[in-house]
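The values are calculated or read from the model by the stated rules, or taken from the named source; none is laboratory data. Computed from a predicted model, the values in this text were never measured in an experiment. A quick note on method: Cβ atoms are made from the backbone with ideal geometry, for glycine too, and the neighbour counts reach across all protein chains shown. Keep in mind that these areas ignore ligands, DNA and RNA; they rest on the heavy atoms of the full protein, side chains included. Shrake-Rupley method; radii C 1.70, N 1.55, O 1.52, S 1.80 Å.
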Amino acid sequence: MVVTVPGPVPKPVQVRPPGRILASITLILCAGAVFGSMNLWPVSGRIFNLLNFVIFAATALALLVVGVVWCFRTVKFLRSEQPWSWMVVTAPAVVAIGLVLALTLPEPSFERSRPKFDAFVATLPTAGPVSVEDHSIDAFDFSRITRYTDDTAIYFVDADTVFFRYTSGWIYSPGQPPPPPSNAELEYTSLGGTWYEFSMTYDF
(Lines give C-alpha, C1' and ligand atoms only; values in the text may rest on other atoms or scores of the structure.)
Protein backbone atom coordinates (compact mmCIF):
# COMPACT_ATOMS: atom_id res chain seq x y z
CA MET A 1 0.00 0.00 0.00
CA VAL A 2 1.41 3.36 -1.08
CA VAL A 3 0.82 6.28 1.20
CA THR A 4 0.85 9.68 -0.45
CA VAL A 5 2.02 12.44 1.79
CA PRO A 6 0.51 15.74 0.77
CA GLY A 7 3.02 18.49 0.09
CA PRO A 8 2.90 21.93 1.59
CA VAL A 9 -0.01 24.05 0.47
CA PRO A 10 1.35 26.97 -1.56
CA LYS A 11 0.58 30.32 -0.04
CA PRO A 12 -1.40 32.70 -2.23
CA VAL A 13 0.69 35.43 -3.72
CA GLN A 14 -0.13 38.69 -2.00
CA VAL A 15 -0.60 41.58 -4.39
CA ARG A 16 -0.28 44.97 -2.75
CA PRO A 17 -2.36 47.96 -3.77
CA PRO A 18 -0.71 51.26 -4.76
CA GLY A 19 0.99 52.34 -1.56
CA ARG A 20 2.03 55.37 0.44
CA ILE A 21 5.16 56.00 -1.63
CA LEU A 22 3.14 56.36 -4.84
CA ALA A 23 0.62 58.59 -3.04
CA SER A 24 3.43 60.79 -1.65
CA ILE A 25 5.02 61.17 -5.10
CA THR A 26 1.61 62.09 -6.51
CA LEU A 27 1.15 64.71 -3.79
CA ILE A 28 4.53 66.33 -4.51
CA LEU A 29 3.95 66.35 -8.28
CA CYS A 30 0.43 67.75 -7.92
CA ALA A 31 1.74 70.55 -5.72
CA GLY A 32 4.32 71.34 -8.40
CA ALA A 33 1.65 71.28 -11.11
CA VAL A 34 -0.61 73.64 -9.15
CA PHE A 35 2.20 76.11 -8.48
CA GLY A 36 3.33 75.84 -12.11
CA SER A 37 -0.14 76.45 -13.52
CA MET A 38 -0.28 79.69 -11.52
CA ASN A 39 3.40 80.58 -11.94
CA LEU A 40 3.46 80.98 -8.18
CA TRP A 41 6.09 79.13 -6.18
CA PRO A 42 6.84 79.06 -2.43
CA VAL A 43 9.83 81.35 -2.94
CA SER A 44 10.20 85.09 -3.30
CA GLY A 45 8.24 86.19 -6.35
CA ARG A 46 7.70 84.26 -9.54
CA ILE A 47 10.13 82.62 -11.93
CA PHE A 48 10.86 83.29 -15.59
CA ASN A 49 8.09 82.08 -17.91
CA LEU A 50 10.25 79.67 -19.92
CA LEU A 51 11.69 78.02 -16.81
CA ASN A 52 8.22 77.84 -15.30
CA PHE A 53 6.93 76.12 -18.45
CA VAL A 54 9.79 73.59 -18.38
CA ILE A 55 9.12 72.76 -14.72
CA PHE A 56 5.38 72.51 -15.33
CA ALA A 57 5.84 70.27 -18.40
CA ALA A 58 8.28 67.99 -16.54
CA THR A 59 5.87 67.75 -13.61
CA ALA A 60 2.94 66.93 -15.89
CA LEU A 61 4.99 64.25 -17.67
CA ALA A 62 6.03 62.72 -14.35
CA LEU A 63 2.37 62.72 -13.25
CA LEU A 64 1.48 60.85 -16.42
CA VAL A 65 4.11 58.19 -15.66
CA VAL A 66 2.83 57.89 -12.08
CA GLY A 67 -0.70 57.53 -13.44
CA VAL A 68 0.35 54.63 -15.67
CA VAL A 69 2.06 52.92 -12.71
CA TRP A 70 -1.04 53.47 -10.57
CA CYS A 71 -3.33 51.96 -13.25
CA PHE A 72 -1.09 48.90 -13.63
CA ARG A 73 -0.88 48.23 -9.89
CA THR A 74 -4.58 48.89 -9.34
CA VAL A 75 -5.70 46.50 -12.08
CA LYS A 76 -3.32 43.84 -10.79
CA PHE A 77 -4.61 44.29 -7.24
CA LEU A 78 -8.29 44.16 -8.21
CA ARG A 79 -7.77 41.01 -10.26
CA SER A 80 -6.19 39.28 -7.26
CA GLU A 81 -9.59 39.42 -5.49
CA GLN A 82 -7.99 40.48 -2.24
CA PRO A 83 -9.82 42.56 0.38
CA TRP A 84 -10.49 46.15 -0.62
CA SER A 85 -7.94 48.81 0.34
CA TRP A 86 -8.55 52.53 0.44
CA MET A 87 -4.99 53.08 -0.78
CA VAL A 88 -6.36 52.38 -4.27
CA VAL A 89 -8.17 55.72 -4.32
CA THR A 90 -5.55 57.83 -2.49
CA ALA A 91 -3.61 58.94 -5.58
CA PRO A 92 -6.74 59.79 -7.64
CA ALA A 93 -8.10 61.74 -4.66
CA VAL A 94 -4.88 63.77 -4.46
CA VAL A 95 -5.07 64.53 -8.21
CA ALA A 96 -8.72 65.56 -7.89
CA ILE A 97 -7.94 67.92 -5.00
CA GLY A 98 -5.02 69.40 -6.96
CA LEU A 99 -7.25 69.98 -9.98
CA VAL A 100 -9.88 71.72 -7.84
CA LEU A 101 -7.22 73.95 -6.28
CA ALA A 102 -5.74 74.83 -9.68
CA LEU A 103 -9.19 75.86 -10.94
CA THR A 104 -10.33 77.75 -7.85
CA LEU A 105 -7.26 79.42 -6.31
CA PRO A 106 -6.94 83.03 -7.50
CA GLU A 107 -3.89 83.85 -9.56
CA PRO A 108 -1.68 86.77 -8.55
CA SER A 109 -3.24 90.05 -9.66
CA PHE A 110 -2.22 93.67 -9.58
CA GLU A 111 -5.44 94.78 -7.90
CA ARG A 112 -4.90 92.52 -4.89
CA SER A 113 -1.25 93.62 -4.64
CA ARG A 114 -1.95 97.30 -5.30
CA PRO A 115 -1.60 98.40 -1.64
CA LYS A 116 1.91 96.91 -1.59
CA PHE A 117 2.76 98.73 -4.82
CA ASP A 118 1.56 101.98 -3.25
CA ALA A 119 3.60 101.29 -0.12
CA PHE A 120 6.73 100.71 -2.20
CA VAL A 121 6.22 103.92 -4.19
CA ALA A 122 5.95 105.80 -0.90
CA THR A 123 9.53 104.74 -0.09
CA LEU A 124 10.91 106.30 -3.30
CA PRO A 125 11.99 109.93 -3.69
CA THR A 126 9.24 112.16 -5.07
CA ALA A 127 11.51 113.61 -7.77
CA GLY A 128 14.65 112.75 -9.64
CA PRO A 129 15.86 109.51 -11.19
CA VAL A 130 14.97 106.10 -9.74
CA SER A 131 16.70 102.86 -10.64
CA VAL A 132 15.95 99.60 -8.83
CA GLU A 133 16.88 96.23 -10.33
CA ASP A 134 15.68 92.69 -9.60
CA HIS A 135 13.01 93.62 -7.08
CA SER A 136 9.92 91.67 -6.01
CA ILE A 137 6.59 93.02 -4.80
CA ASP A 138 4.26 90.37 -3.48
CA ALA A 139 4.10 87.69 -6.22
CA PHE A 140 5.59 89.88 -8.96
CA ASP A 141 9.22 90.06 -10.05
CA PHE A 142 10.60 93.16 -11.76
CA SER A 143 13.75 93.27 -13.83
CA ARG A 144 13.91 97.01 -13.19
CA ILE A 145 11.93 99.87 -11.67
CA THR A 146 12.87 103.11 -13.36
CA ARG A 147 12.14 106.82 -13.38
CA TYR A 148 14.24 109.02 -15.62
CA THR A 149 15.56 112.47 -14.70
CA ASP A 150 13.01 114.52 -16.65
CA ASP A 151 10.09 112.17 -16.12
CA THR A 152 7.42 111.80 -13.43
CA ALA A 153 6.37 108.26 -14.39
CA ILE A 154 7.87 105.20 -12.68
CA TYR A 155 8.05 102.09 -14.85
CA PHE A 156 7.70 98.67 -13.19
CA VAL A 157 9.01 96.23 -15.83
CA ASP A 158 7.66 92.72 -15.27
CA ALA A 159 10.61 90.31 -15.52
CA ASP A 160 8.35 87.54 -16.80
CA THR A 161 7.44 89.48 -19.94
CA VAL A 162 10.80 90.81 -21.14
CA PHE A 163 11.44 89.41 -24.61
CA PHE A 164 13.93 91.04 -27.01
CA ARG A 165 12.47 94.50 -27.75
CA TYR A 166 9.20 93.90 -25.89
CA THR A 167 8.45 94.68 -22.24
CA SER A 168 5.33 95.16 -20.19
CA GLY A 169 4.29 95.87 -16.64
CA TRP A 170 2.83 98.79 -14.74
CA ILE A 171 3.40 102.54 -14.57
CA TYR A 172 2.94 104.84 -11.63
CA SER A 173 2.27 108.28 -13.06
CA PRO A 174 0.81 110.91 -10.72
CA GLY A 175 -1.13 113.80 -12.20
CA GLN A 176 -1.03 112.86 -15.90
CA PRO A 177 -0.85 109.88 -18.26
CA PRO A 178 2.66 108.50 -18.80
CA PRO A 179 4.50 110.15 -21.70
CA PRO A 180 5.85 107.73 -24.34
CA PRO A 181 9.64 107.36 -24.52
CA SER A 182 11.28 108.76 -27.64
CA ASN A 183 12.70 105.38 -28.69
CA ALA A 184 9.69 103.13 -28.06
CA GLU A 185 6.06 102.52 -28.94
CA LEU A 186 3.99 102.65 -25.76
CA GLU A 187 0.48 101.32 -25.21
CA TYR A 188 -1.20 101.61 -21.82
CA THR A 189 -4.52 101.13 -20.07
CA SER A 190 -5.61 103.18 -17.07
CA LEU A 191 -6.23 101.15 -13.91
CA GLY A 192 -7.71 104.11 -12.09
CA GLY A 193 -5.93 106.73 -10.09
CA THR A 194 -2.19 106.94 -10.71
CA TRP A 195 -1.64 103.41 -12.09
CA TYR A 196 -1.48 102.17 -15.67
CA GLU A 197 -0.80 98.81 -17.24
CA PHE A 198 1.54 99.09 -20.21
CA SER A 199 3.23 97.24 -23.04
CA MET A 200 6.16 98.74 -24.88
CA THR A 201 8.18 97.85 -27.95
CA TYR A 202 11.57 99.51 -28.37
CA ASP A 203 12.83 100.80 -31.71
CA PHE A 204 16.46 99.85 -32.26
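The residue list Ser168, Ser190, Ser109, Ser131 contains one member that is among the hydroxyl-bearing types (Ser, Thr, Tyr), within 28 Å of Thr59 (Cβ to Cβ) and open to solvent by 30 Å² or more (accessible area, probe 1.4 Å), which is Ser109. Just one residue in the set Ala91, Ala96 is surrounded by 15 or more Cβ atoms within 10 Å (Cβ to Cβ) and either within 28 Å of the chain's Cα centre (by Cα) or of a type outside the set (D, E, K, R) (or both); that residue is Ala91. Could you go through the range 54-70 and let me know if any residue there is aliphatic (A, V, I, L, M), part of a loop (DSSP other than H, G, I, E, B) and either under 29 Å from Ser109 (Cβ atoms) or modelled with pLDDT under 85 (or both). Looking for residues that are aliphatic (A, V, I, L, M), part of a loop (DSSP other than H, G, I, E, B) and either under 29 Å from Ser109 (Cβ atoms) or modelled with pLDDT under 85 (or both), one finds none in the range 54-70, hence no.
Checked against (1) modelled with pLDDT under 85; (2) assigned to a helix (DSSP H, G or I); (3) open to solvent by 50 Å² or more (accessible area, probe 1.4 Å), Ala33 meets all criteria but (3).
Annotation for the range 177-185: no member residue is open to solvent by 20 Å² or more (accessible area, probe 1.4 Å), among the aliphatic types (A, V, I, L, M) and either modelled with pLDDT under 75 or more than 18 Å from Val132 (Cβ to Cβ) (or both). In the range 93-109, the residues that are farther than 24 Å from Pro18 by Cα reach residues that are part of a helix (DSSP H, G or I) and open to solvent by 80 Å² or more (accessible area, probe 1.4 Å) with C-beta atoms within less than 8 angstrom, at least six apart or across chains, in these pairs: Pro106/Arg112. Only one of Phe198, Phe142 is in contact with a helix residue (DSSP H, G or I) (Cβ under 8 Å, 6 or more places away or on another chain) and touching a residue at least 24 places away in the same chain (Cβ under 8 Å). Can you tell me which? From the options Phe198, Phe142, the qualifying one is Phe142. Inside the range 134-157, residues that are acidic (Asp, Glu) and either over 22 Å from the mean Cα position of the chain (by Cα) or exposed (fewer than 10 other Cβ atoms within 10 Å of the Cβ) (or both) make up a count of 2.
Here Asp160 passes the criteria (1) more than 30 Å from Val65 (Cα to Cα); (2) in contact with a strand residue (DSSP E or B) (Cβ under 7 Å, 6 or more places away or on another chain); (3) of a type outside the set (A, V, I, L, M) except the one numbered (1).
Could we say that Leu50 is at pLDDT below 90, closer than 30 Å to Thr161 by Cα and surrounded by fewer than 17 Cβ atoms within 10 Å (Cβ to Cβ) here? When the stated conditions are applied, Leu50 passes them. Restricting attention to the range 151-162, does a residue exist that is free of Cβ contacts under 8 Å to residues at least 24 places away in the same chain, farther than 21 Å from Ser109 by Cα and not aliphatic (A, V, I, L, M)? No, the conditions are met nowhere in the range 151-162.
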